[in-house]
Amino acid sequence: HHELCENQRSTEVLRAPVICVLGHVDAGKTTILDNLRQTHVQDNEAGGITQQIGATNVPSETIYRRTEMCREMISREGDFIVPGLLIIDTPGHEIFKSLRSRGSSLCDLAILVVDIMHGVAPQTIESIQLLVERQTPFIIALNKQYLEGMTFYESIYCLNSKVDLLYDWKSNNKKSIELVLQEQQQITQNHFEKCCKTIICQFAEQNLNVALYYENPDPNEYYSMVPTSARSGDGMGSLIALIIEKSQTTLSRRISYTHELQATVMEVKVIDGFGITIDVALVNGYLSVGDKILIAGQEGPIVTQIRRLLIPESNQELRTTNQYQNEDTIKGARGIKIVARGLEKAMAGLPLFVARQTDEIDFYKNEINIMLKTALNSIQLEDKGVYVQASTLGSLEGLLQLLKASKIPYSGINIGPVHRRDVMRASIQLEKDVLMATILAFDVQIEKEAQEYANKIGVKIFQNDEIYRLRDMFVSYRKNKKEDEKEKFRHLAVFPCKLKILPQYIFNVRDPIICGVLVEDGFIINGTPICVPSNNGINLGHIAGIQKNGEPLDIARKGSEVCIKIVSIPGEMPKTYGRHFDKDHILMSKISRESIDILKAYFREEMQKTDWTLIVELKKIFGIV
Ligand code: GDP
């Protein structure tokens, strides 16, 4: 009797858990989202936009229907106490990161999508780190079991024209994936197990224990994996059932509904007929038309009043037509759109507050200011670095984190469109490092005037709405620029060498000197200036030809015996073998402070460790500090 009461009590108080989808690019995040929400973003990414609110509610009726085949996975069978799921519409770990709520993550449970063929990939690792750091529980979807009626093994075997081996995959989205797998041919099962083993090892390398959900010995110790095929829908029922089970057990405390408002601004969007609106994840509490709300803005807190509360039209068929339904009051957890005045400078990623009494206005203003300040102050800027601009605090942080991981320093940041003043701030770098006089504009507009000014003074602006692409744009720009400069400086680069004269091979004693040498250390190329440090450092000239057995060489490394030609320095008296120097003198390249700096700046790839050691030795000989 007691337990029944417990159940009933929690039945009343649980809210929909907030679900995020993370994983490596192309793992199938969007497709999984589509399937969960029963939408088709992936199919027509370019044109149709099904995404209306930034978060989609999946009602419990839908969940009930979709988990029919594996209801046994839910321990409180027939008792759906979770009133639905609130699915964040944008996939990716940047979005996960960017949405805060009361200091912690907005997301209650994440789906980490792993392509079963590719396993754990770089962004999978980044996602894992974030999830662990934020202590967000997650379920792994091992996606892409099979391609359009084929197994993923078939797709491999197709290439090897062994289609017959595995042609017979029985795709089935009406059964639990455990059963579907059991019904496969042995060879398919073996392959599947092999892939799973690999992935389990890859997770172990990240210090995580994972197991297939139906083999999981202890859900508190092991993260569960569900094989899915987001496209055909196989395994999706099992995935949803697992989400429900997890929500109703380990997560039940976290997702118990409270009246205390917990809401996060997810997106700022212009909508025809409504002007600028904000999409909000209302997690706990309720919002009503007329409420006085406070949110973060680019120029400080914004105070305004809710004029309309919108949710998507309940009819699923209408999802593509951007139809909204007006509501007076909405209770969490739900994705909602708020229409209000004065949202022009609104910023996404931070909480929304309601001032129910006038004196609360100042209190929340202060709260927002502190949040903004802490967020921006916690960002460490470098003296030399690029200028980074993004649409929201969260997306800014996402990009900065990526830049950090990619060893790209940043010296300035801002939120919002790129103005002339940003270009001016970025131009400070022109004096420090021209390369860094660059603005990386993530998902923001560039004012015409700003672009013109940038062109004029030589500040480069890169714009993209994908952080990886934006980074890559800068990386390839930097590479090209370095290559160009390298070529410009090549004639000033002096590589280190130490040469021993081979007295039996003196072909010409003066202008040009032609003789055999053993490269004792370092390496020589055409153009290397040669001197004799042990005889007042006299300069012989530079190498104008290297040969071995009559064949010309571009380079001769340590240990090789070659014939070299040294031409004298124009305007200087040519030096003679046997008079100014002889076989007992060691020849070396004539380095200088400047030439060393150029090697360090542009020619590191051409230098080996021992070459640097030789540089140190030469520095001592030449007395370079
Ligand atoms: P995202 O970059 O992680 O969002 O990946 P997408 O959802 O855009 O998927 C990348 C590609 O993989 C798309 O062409 C999808 O159609 C495809 N894809 C996703 N899930 C599956 C699946 O289960 N099976 C197959 N065959 N293809 C899939």
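What to note about this one:
- For region 102-134, a tally of residues being within 15 Å of the ligand (Cβ to nearest atom) and in contact with a helix residue (DSSP H, G or I) (Cβ under 8 Å, 6 or more places away or on another chain) returns 12.
- Members of region 13-31 that are buried (at least 24 other Cβ atoms within 10 Å of the Cβ), under 15 Å from L112 (Cβ atoms) and out of contact with any helix residue (DSSP H, G or I) (no Cβ under 8 Å at 6 or more places or on another chain): G28, K29
- Among the residues making up region 403-415, those that are surrounded by fewer than 18 Cβ atoms within 10 Å (Cβ to Cβ) and not hydroxyl-bearing (S, T, Y) are K404, A405, K407, P409.
- Residue match in region 67-77 (condition: surrounded by fewer than 23 Cβ atoms within 10 Å (Cβ to Cβ), modelled with pLDDT under 90, part of a loop (DSSP other than H, G, I, E, B) and within 16 Å of the ligand (Cβ to nearest atom)): no
- Of the residues making up region 364-395, those that are within 21 Å of I428 (Cα to Cα) and either of a type in the set (V, I, T) or surrounded by 23 or more Cβ atoms within 10 Å (Cβ to Cβ) (or both) are I379, V386, Y387, V388, Q389, A390.
- Restricting region 159-193 to residues that are among the hydroxyl-bearing types (S, T, Y) and in a loop (DSSP other than H, G, I, E, B) leaves a set whose member that is modelled with the highest pLDDT is S176.
- Candidate set: region 174-195, residues that are loosely packed, with under 15 Cβ neighbours inside 10 Å and touching a Leu at 6+ places or on another chain (Cβ under 8 Å); chosen: the one farthest from H118 (Cα to Cα): I187
- Answer residue from region 226-280, given it is of a type in the set (D, E) and assigned to a loop (DSSP other than H, G, I, E, B) and is farthest from the ligand (Cβ to nearest atom) among those: E260
- Considering the conditions (1) away from the ligand (no atom under 16 Å from the Cβ); (2) at positive phi; (3) modelled with pLDDT of 90 or more, G54 is excluded by exactly one of them, (3).
- Reported count of residues in region 196-216, each being assigned to a loop (DSSP other than H, G, I, E, B) and buried (at least 17 other Cβ atoms within 10 Å of the Cβ), is 2.
- Flag if A16 is away from the ligand (no atom under 16 Å from the Cβ), closer than 24 Å to T392 by Cα and modelled with pLDDT of 75 or more: no
- Qualifying strands (runs of 3 or more DSSP E) (wholly inside region 480-596; at least 3 residues being surrounded by fewer than 16 Cβ atoms within 10 Å (Cβ to Cβ) and either without any contact (Cβ under 8 Å) to a residue 40 or more places away in the chain or of a type outside the set (D, E) (or both)): 497-508, 538-548
- Against the numbered list (1) away from the ligand (no atom under 16 Å from the Cβ); (2) part of a loop (DSSP other than H, G, I, E, B); (3) modelled with pLDDT under 90; (4) closer than 30 Å to I271 by Cα, D26 comes up short only at (1).
- Pick from region 455-472, criterion without any contact (Cβ under 8 Å) to a residue 12 or more places away in the chain and in a helix (DSSP H, G or I), ranking: farthest from A437 (Cα to Cα): R469
- Hey, I49 within 16 Å of the ligand (Cβ to nearest atom) and either in a loop (DSSP other than H, G, I, E, B) or modelled with pLDDT of 75 or more (or both) or not: yes
- In region 247-287, residue nearest to V444 (Cα to Cα) [restricted to those that are surrounded by fewer than 16 Cβ atoms within 10 Å (Cβ to Cβ) and among the hydrophobic types (A, V, I, L, M, F, W, C)]: V270
The values are calculated or read from the model by the stated rules, or taken from the named source; none is laboratory data. Values in this document were obtained by computation on a predicted structure and should not be read as measured data. Here the Cβ is made from the backbone with ideal geometry for all residues, glycine too, and neighbour counts use every protein chain on show.
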